[in-house]
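The structure appears right after this line, and notes come after that.
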Amino acid sequence: MKALAGFVVLLLLAPFALPAFYLTLLNYIGLYSLVALGLLLLTGVGGLTSFGQAAFVGIGAYTTAALSTGVIELPAALAWTQHSPWIALAAGLLLTFVVAIALGSMTLRLSGHYLPLGTIAWGISLYYFFGTFEQLGGQTGMSGIPAIELFGHPLVTAREMYYLIWAFVLIAALTTQNLLDSRQGRAIRALRGGVVMAEAMGVDTARSRMVIFVIASLQASASGWLYAHLQRFVNPSPFGLQYGIDYLFMAVVGGAGQVWGALLGATVITVSKQWLQDLLPQLLGRTGNFEMIVFGALLILLLQRSRNGLWGLVARAAARWLPKTRAKPRALPQAQALPRRPMPQRGEVVLEAKNVTRRFGGLVANNDLSLQVHAGEILALIGPNGAGKSTMFNQLSGVDTPTSGQVLLRGQSVAGRGSRAIARMGLSRSFQHVRLLPAMSVLENVAIGAHLRGKSSVFSAAWRLDRAEEARLLAEAAHQVERVGLQEHMFAEAGSLALGQQRTLEIARALASDPCVLLLDEPAAGLRLREKQALGELLSKLRAEGMAILLVEHDMDFVMGLVDRVVVMDFGQKIVEGLPHEVQQNPAVLEAYLGGVAP
Ligand code: ADP
Ligand code: MG
């Protein structure tokens, strides 16, 4: 907070201390920062790589150029809006919104390298669009763009534009920061934990992707609007692919995932390019684009040295040189508990599989399998490797759909509902291979599980109107962290925990959704004896509270002392179902586990 206040004071004073040349440079840094901030959200946090953001800068710039110069004449009814930059800003943002939704719904579903390729494709096509239309001035561009008027005063000089540009940057930085520190922000950050995990926690991942894409595009468009009125002239060249790449570099070099990293990245790249451009030809005694060569080499070096960019280096240096302020136990918000769902009666069938078959081509991974899990019971699903346990788990949790047969959750078929809807119905799960966000605190990871218990919108998060709800969500998460015994690690990074603790964290995250049935895939794997005992105690406690629990487990000893009933699978089939000690003695089970050397 002190650092932020200092930063704002410096920004306010800069025009009085700096010559015009530096103010112009600062203006450009501001414009670039605005785009880089959007990319920080999109790429740094959400993991979606876009090379095409410069095109959105172009949309903002060209919309205002066309409207405020009167090149595009509006119908008589709207004529009063012509020549007003502010109305052109609104129009540009609206157009950007529409284009972003259209492009986003086509490209954001693409995975792997197809998404970046898609962004390159529309980056190029929008660039040529600007250059091809005669009305928009073709390659020559458009001049005569009027100055923005603020309170009747036209902003003509670099000094006058400076405050407006940096006001935009600060608002974007603060709203982005706020957003990241909220329920919606956790949903966005959860994208990095994989779609399966996020959806299982009730996060609409398609929507989260679209949200950050639209925000990034709107910020780029606003930057374009400011640019057009700063230059009073536009042509297509600053909206091409090369600039799209530069913007991406600013976000990545600055520091993936950090708001202030984006500002730092925009500053360092702009200043060092300028500097190298002046210096290198002098040093080498001839002209040429030497700065690009040196620049490329420096970028490679930096990315190789610090994957968290410059901000990562700064943070590391600060941790070394500044007095330790680490892991300050923040006060937990005191808040009213969230409402809970009515739990089923003890003994009620909560989850039921009826004759579930799942084929993969010719392989029958689950064959006509039926089972029931009751409220207040722990059922174990065991079997040797490859028996089909995880496949069954996926059918039950809605990640996969049976080839035939039915899964009923509290009497309702889950077929075709998707894991988000199933989470809403009261089923929650952990993962065989832990899926959490290592750089996020334990508390925040657990709070992802409570996603469906809040309603706050992106807008209210950005403007801090969600604090009452946020306090309740965090209090709930803290309660679950304590419940599983991780309270000492509440504010530690989840990635710093031992594997067993990470598994326990996943259980807390599942509990934060207030489920009535818990599905756990090998929760004891990798746990030490003490941790297994603690896990056993926790599960017993949950059972006593009426939770229905299905365990997929490999560890026979762990299962036998804990669970009420056991279903044993082999080759996709249920071979035995019964009480633990019955199953243990069963010849078919010994055969399956020991491969035919049963006594
Ligand atoms: P378990 O969890 O009991 O070790 P799995 O359910 O993972 O067993 O696997 C059961 C069988 O189904 C294995 O032979 C596995 O190779 C196969 N299998 C699982 N998932 C798929 C898939 N997506 N496509 C094809 N085969 C699969
Ligand atoms: Mg498995």
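Readers should treat all values here as calculations from the given coordinates under stated rules, not as data from a laboratory. In this text, all values refer to a predicted model and were calculated from it rather than measured experimentally. A quick note on method: Cβ atoms are made from the backbone with ideal geometry, for glycine too, and the neighbour counts reach across all protein chains shown.
The packing ranking of peptides 362-369, 74-81, 259-266, highest mean first, is 259-266, 362-369, 74-81, where packing means the average number of other beta carbon atoms within 10 angstrom of each residue. For the chain, DSSP calls about 60 percent of its internal beta bridges antiparallel. Seen from Arg472, the other residues with C-beta closer than 13 Å to its C-beta sum to a net charge of 0, counting Lys and Arg as +1 and Asp and Glu as -1. Once the Cα-Cα distance is subtracted from the 0.36 nm per residue extended length, the Leu301 to Ala544 segment shows a gain of 81.8 nm.
Distances between placed amide hydrogens fall under 5 Å for Ile575 paired with Val568, Met569, Asp570, all partners being 5 or more residues away or on another chain.
Summarising the label geometry, the points placed 7 Å from Cα in the beta-carbon direction at Asp204 and Ala3 lie 3.5 nm from one another. Taking trypsin sites (Lys or Arg not before Pro) in DSSP loop states with no more than 13 other Cβ atoms inside 10 Å as exposed sites, the chain has its longest site-free stretch at 110-285. Taken one residue at a time, the phi angles of region 381-396 give Karplus couplings (6.51, -1.76, 1.60, θ = phi - 60°) of 10, 10, x, x, 3, x, 6, x, 5, 5, 4, 4, 4, 5, 5, 5 Hz. Gly and Pro are set to x. Each of the peptides 122-130, 34-42 was scored by the mean count of other Cβ atoms within 10 Å over its residues; in descending order, highest first, they stand as 34-42, 122-130. Put simply, the C-alpha atoms of region 439-513 give a gyration tensor, and the ellipsoid matching it has half-axes of 23, 12, 10 Å, longest first. log₁₀ I(q)/I(0) of region 230-319 at q = 0.12, 0.13, 0.16, 0.26 Å⁻¹, via Debye over equal Cα point scatterers, no solvent, to two decimals? Result of the Debye calculation: -0.44, -0.51, -0.74, -1.26. Bridging of Lys389 to aspartates and glutamates at a Cα separation below 12 Å is possible for Asp521, Glu522, Glu553, Asp570, once same-chain residues fewer than 8 apart are set aside.
Neighbour counts of C-beta atoms inside 10 Å place Ser111, Ser237, Ser33 in the sequence Ser111, Ser237, Ser33, starting with the fewest.
As a rough footprinting exposure proxy, the listed residues Met1, Met440, Met106, Met392 were ranked by other beta carbons within 10 Å of their own, and the order from fewest upward is Met1, Met106, Met440, Met392.
Got a sec? How would Leu95, Leu436, Leu371, Leu117 order by Cβ neighbour count within 10 Å, fewest to most? Before the final figure, lay out the partial values.
Numbers: Leu95 16, Leu436 24, Leu371 19, Leu117 13.
Listed from fewest to most nearby Cβ atoms, that is Leu117, Leu95, Leu371, Leu436.
Calculated from the alpha-carbon coordinates, region 164-212 shows an Rg and a Dmax of 13.0, 43 Å respectively.
Could you give the size of the charge dipole of the chain about its Cα centre, using +1 on the Cβ of each K and R and -1 on the Cβ of each D and E, expressed in debye and rounded to the nearest 20?
Once rounded to the nearest 20, the dipole reads 800 debye.
Would you calculate, for the chain, the mean residue ellipticity at 222 nm contributed by helices, counting each DSSP H stretch of 4 or more residues as -39,500 (n - 2.57) and dividing by all residues, to the nearest 500? So the helix-based figure for the chain works out to -17500 deg cm²/dmol.
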